[in-house]
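Here is the structure we will look at.
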Amino acid sequence: MSAPSSTEVFGAVHLGYVVVESRKHNEWHRFGADAIGLHVDELDRETLRFRLDDHECRFLIQNGPREDLIAAGWQVDDHQTFDEILRRVADRGVPITEGSAEECALRGVERLWRFPGPKGIATEVFTTAWTTPSPLRMLNTAFVTGESGMGHLAITTVKPQQLRNYFNTVFDARITDFIDENINGLTLKIKFLRVNERHHSIAIANLRGVPIQPIRTTIQHMNIEVATLEDMLASFQRVKELGFHMAWSVGQHTNDRELSYYSVTPSGFELEVGWNPVRITPELESTWEPTTYKGISIWGHTPQGNAAATLMGQFQQSVRHFRSRETTVPELSEASR
């Protein structure tokens, strides 16, 4: 193995896009455009793209049976950092493949390289995203992206330390803080990892002392951030009025102070639409110390409909099976050397 590099990856990577495989084309179109208020481009009868800003693609919804998020694309600021990420992966014997011209075109990027990620979510890295001057046709004023990336991913796991190690190895992820949440006598422990100024780009959740995988999908939720409180509240109302399943009502989180709600996507994972989270600016970064918070929310985020019953049913089913198989990438999930 090569000697460790002094190249710092932290701060130079940003969540750029996600890829979802689904056969529910019409539902995703209606959910994304009419309920959440995203710009939609219908490439063909089986392929949708959603925009949040001038990037050609932030969500790619492509035809397939999995009904799940299958890949996350991470934009890297410069070629030196890009090469460092690929070196770390290759040095540990993990296979890396170049995306085809068609795959790059669908994702709106010049070139991409792909390698395995936790829970079967492919990690894709790229440096250049295609942008477009075409005006946004969406119901929201604007989304917050830029240096913060497009949002965050929350992943449930039975192997939290391995996932934490993976993102540390690949992206030099830093711990922002922790939350302990009580759910009917069980403690849900959540680690929040940042790779740039966004409070967290990855959240990792597990049930303490119970090695179960409570949900079917690779992620529990994904987050996007609107620019105004009015946008967030208006989209919340549209989701309800259009009959989509609302999982958790508007509330405010204890750690990043974001105001948000959670709705259920057509593929089953949740989408959090939030506003005004804490940003860890360079001034805060220099003195930041992780804190453990008791409970996810200061107020709100109450379960809607059968959300709580469904979640507990999933937990109980998993407890009966007790142990779930979970895909990891051992070469990248060992403690950093």
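A short reminder: the numbers here are calculations on the coordinates, not readings from a lab. This structure is a prediction, so every number in the text was calculated from the model and none was measured. Heads up, the Cβs are rebuilt from the backbone with ideal geometry, glycines too, and the neighbour counts pull from every protein chain shown.
Residues being more than 26 Å from Thr81 (Cβ to Cβ), out of contact with any helix residue (DSSP H, G or I) (no Cβ under 9 Å at 6 or more places or on another chain) and part of a loop (DSSP other than H, G, I, E, B) are entirely absent from the range 161-184. Within the range 58-80, the set of residues being of a type in the set (Asp, Glu) and not in a strand (DSSP E or B) comprises Glu67, Asp77, Asp78. The condition of being more than 17 Å from the chain's Cα centre (by Cα) and either in a loop (DSSP other than H, G, I, E, B) or among the hydroxyl-bearing types (Ser, Thr, Tyr) (or both) holds for only one of Asp53, Asp83, Asp41, that being Asp53.
Go through the range 118-137 and count every residue that is part of a loop (DSSP other than H, G, I, E, B), of a type in the set (Ser, Thr, Tyr) and under 23 Å from Leu43 (Cβ atoms). Steps first, please.
So in the range 118-137, the residues part of a loop (DSSP other than H, G, I, E, B) come out as 121, 127-128, 130, 132-137.
Narrowing the set further to residues that are of a type in the set (Ser, Thr, Tyr) leaves 127-128, 132, 134.
Cutting the leftovers down to under 23 Å from Leu43 (Cβ atoms) gives us 128, 132, 134.
Total meeting the criteria: 3.
Taking only pairs six or more apart or across chains, which ones have beta-carbon atoms under 9 Å, a first residue in the range 212-240 that is without any contact (Cβ under 8 Å) to a residue 60 or more places away in the chain and assigned to a helix (DSSP H, G or I), and a second residue that is among the aromatic types (Phe, Trp, Tyr) and surrounded by fewer than 21 Cβ atoms within 10 Å (Cβ to Cβ)? Pairs that qualify, where the first residue is without any contact (Cβ under 8 Å) to a residue 60 or more places away in the chain and assigned to a helix (DSSP H, G or I) and the partner is among the aromatic types (Phe, Trp, Tyr) and surrounded by fewer than 21 Cβ atoms within 10 Å (Cβ to Cβ), are Leu229/Trp275; Met232/Trp275; Leu233/Trp275. Taking the range 254-305 on its own, how many of its residues are among the hydrophobic types (A, V, I, L, M, F, W, C) and loosely packed, with under 14 Cβ neighbours inside 10 Å? Qualifying residue count for the region: 2.
Within the range 277-296, the residues that satisfy the criterion of being over 24 Å from Lys189 (Cα atoms) and not β-branched (Val, Ile, Thr) are Pro282, Glu283, Leu284, Ser286. For the range 86-117, filtered to residues that are of a type in the set (Gly, Ala, Ser) and not in a loop (DSSP other than H, G, I, E, B), the residue that is farthest from Trp28 (Cα to Cα) is Ala90.
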